[in-house]
Amino acid sequence: MLFRSEEMAGAQRKYPGRFWGTAAVPFHDAKVAIEVTEHAVKKLGLVGVNVPGAFGYQGTCLDAAYLEPFYDCVEELGVPIFIHPTDVLLSDLLLPGYDGALYLGLGRLTDVSVAASRLIYSGIMERHPNLKVYMSHTGGVLPYQSGRMDKSFSKGVKLPNSTSTYIKRMMTDTVSPHTPGMKFAVEYYGVDHVFYGADYPCWNPSTAIQLFDAVGLSKVDQQKIFFDNAQRFFGLRDHALSKVTSAA
């Protein structure tokens with residue numbers, strides 16, 4: 001994990017103002033996770049932390065009680081956590097076969113959705129009001145099923161606000177090969193909570209930009225999604241960004 005973070009930091013130094021890296025963190029022990037996170041942010045200058053939906057042989061999840069100090073740490077540092085599919089548990093247990101088509105088409109979205117929901121239902125989002133969460137892939141199925149989630153509160157979920165309240169605190173991207181999907185994500189989360197994403201090399205960048213253009217956003221809103229939201233959310237340095245703006 002430390003080696004990967006060092007590699008990301010090296011790329012960040014090599015391409016200042018064009019590349020910003022995030023840290024890989026081991027989650028088997030909260031103390032170790034905190035040490036790696038603090039080193040990555042304070043010493044290496046990385047701007048976020050990658051978190052899987054589940055980890056370990058038994059599939060430990062992000063709402064494990066022993067990780068509470070880790071969330072204290074990232075909230076205090078002010079860096080985002082980035083939720084990306086695990087690519088292990090669902091693909092092996094529930095969605096095998098068809099040359100991976102079931103998992104790639106549905107499993108990854110489910111993985112992200114469940115991981116984010118655990119942060120909500122466990123009360124982590126409520127206990128950490130300044131926690132920055134970034135969900136990949138337009139937030140999976142959450143924006144499309146948040147009404148059902150609001151309706152389905154049970155005695156095991158004790159929160160002062162609706163599920164959708166916490167979902168809309170999160171950020172997401174436009175990584176959906178479907179213009180209506182991108183458009184609904186912007187409408188649901190709000191233009192200030194969405195980043196542009198090409199998902200390269202998994203997706204052709206030219207196709208990604210064509211589908212995004214078809215959403216029909218104003219130049220002001222495009223500026224937010226392409227640039228301003230990332231600058232604000234990740235706390236990117238103005239002097240480095242100015243070089244990118246001038247080059248563009």
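The values are calculated or read from the model by the stated rules, or taken from the named source; none is laboratory data. Quick caveat: nothing in here was measured; it's all calculated off a predicted structure. Neighbour counts are summed over all protein chains in view; Cβ atoms, including those assigned to glycine, are modelled from backbone coordinates with ideal geometry. The area values use the complete protein model at the heavy-atom level, side chains included, leaving out ligands, DNA and RNA. Shrake-Rupley method; radii C 1.70, N 1.55, O 1.52, S 1.80 Å.
Each part gets one Cα centre, and for the stretch 215-237 versus the stretch 126-161 those centres are 24 Å apart. Projecting the Cα atoms of Tyr134, Ser122, Gly53 onto the charge dipole of the stretch 1-142, computed from C-beta unit charges around the Cα centre, puts Tyr134 farthest toward the positive end. Remark on the stretch 1-129: ratio of C-alpha radius of gyration to 2.2 N^0.38 Å is 1.12.
In whole percent, and with a 1.4 Å probe on the protein chains, what portion of the accessible area of the stretch 105-246 is carbon and sulfur?
Details: 3860 of 7060 Å².
Carbon and sulfur: 55 percent of the exposed surface of the stretch 105-246.
Taking label positions 7 Å along the Cα-Cβ direction at both Glu68 and Asp29, the computed distance is 2.1 nm, reported to one decimal. Couplings 3J(HN,Hα) of the stretch 219-232, computed from phi: 4, 5, 5, 4, 4, 5, 6, 6, 9, 4, 5, 5, 4, 5 Hz, in residue order, whole Hz [Karplus 6.51 cos²θ - 1.76 cosθ + 1.60, θ = phi - 60°; x for Gly and Pro].
Could you state, as a whole-number percent, how many of the C-alpha pairs of the stretch 119-248 are farther apart than 18 Å? Intermediate results must be reported in sequence, preceding the final value.
Working: 4892 of 8385 pairs.
Pairs farther apart than 18 Å: 58 percent.
Just list whichever of Lys158/Lys183; Lys14/Lys224; Lys132/Lys219; Lys158/Lys224; Lys14/Lys42; Lys14/Lys43 have alpha carbons separated by over 24 Å in the model shown. In this structure, Lys158/Lys183; Lys14/Lys224; Lys132/Lys219; Lys158/Lys224 lie more than 24 Å apart at Cα.
With springs only between Cα atoms under 10 Å apart, run a GNM on the chain and tell me which of Thr163, Thr37, Thr174 wobbles the most. Answer for the Gaussian network model of the chain: Thr163. Close amide-amide hydrogen proximity is noted between Gly197 and Thr174, Val175, each under 5 Å apart and 5 or more residues distant or on a separate chain (H modeled in the peptide plane; Pro and chain starts excluded).
Model label sites at Gln223 and Val157, defined 7 Å from Cα along the beta-carbon direction, differ in position by 3.8 nm.
The GNM of the chain, with springs linking C-alpha atoms under 10 angstrom apart, assigns the highest mean-square fluctuation among Cys202, Cys61, Cys73 to Cys202. Rolling a 1.4 Å probe over the protein heavy atoms of the stretch 2-85, with every protein chain left in place, gives an accessible area that is 56 percent carbon and sulfur. Relative to the 2.2 N^0.38 Å rule of thumb, the chain has a C-alpha radius of gyration ratio of 1.01. Under 5 Å between amide hydrogens, built in the peptide plane, is the criterion, and for Met171 it picks out Val133, Tyr134, Met135 among residues at least 5 positions away or on other chains. Put simply, the amide H of Val141, placed in the peptide plane, has neighbours under 5 Å in Ser113, leaving out anything fewer than 5 places away on its chain. For the stretch 1-141, the Cβ-based charge dipole about the Cα centre amounts to some 500 debye (Lys, Arg positive; Asp, Glu negative; other atoms uncharged).
Could you identify which residue out of Ile83, Ile34, Ile209 has the top mean-square fluctuation in a GNM of the chain using Cα springs shorter than 10 Å? Ranking Ile83, Ile34, Ile209 by mean-square fluctuation puts Ile209 first. Net charge dipole, the chain: roughly 440 debye, given to the nearest 20, about the Cα centre with Cβ charges of +1 for Lys and Arg and -1 for Asp and Glu.
Ligands, DNA and RNA are left out, and with a 1.4 angstrom probe the accessible area of the stretch 92-133 is 53 Å² per residue.
Note on Ile209 and Phe19: their simple-model spin labels are 2.0 nm apart, each label 7 Å out from Cα toward Cβ.
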